[in-house]
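Accompanying notes for the structure given below.
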Ligand SMILES: [Zn+2]
């Protein structure tokens, strides 16, 4: 049990296991470092020569190992939540762009009509308006769903897979339109 290695003034250590001479910086406190040659733990004394490895360092490792999975899980949830929020922001930006686009198309259409352009011009613009509005509606739904999801994940780890049955895929919208025509 001689993992204490003779230190030279230049910070060189000799591994007692494999006689490898390696460089190590002495720190505020002593620490164990793996020999680059054989992997054996080697005690690197502190700058003041003390060879006591502080207990804190060891204690900090134990709960880390214990909570390792939990911590990883929390990190993963945090990452997922962040990406949900990011996606939500993107959806909101998309929603705004679609609304602005639809508004612009209406303005273009009106202007084209005023300038008495051939009917194809205004018709093109005005036909694209519902497309813009539909996209805006989809983006809005997406943003709401992402927002809900990010809220749920913050409260607790979901015990059941997310319920997508409440999500609308646009078919309800089509149904409503059909009902209007009946
Ligand atoms: Zn070694």
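The values are calculated or read from the model by the stated rules, or taken from the named source; none is laboratory data. If you're wondering where the values come from, they're calculated on a predicted model, not measured in any experiment. Cβ sites come from the backbone with ideal geometry, for glycine too, and all protein chains shown count toward neighbours.
Descriptive notes on the structure:
- Qualifying residue in segment 71-79 (condition: modelled with pLDDT of 85 or more and surrounded by 10 or more Cβ atoms within 10 Å (Cβ to Cβ)): no
- Tally of residues being assigned to a loop (DSSP other than H, G, I, E, B) and within 16 Å of the ligand (Cβ to nearest atom) across segment 13-56: 13
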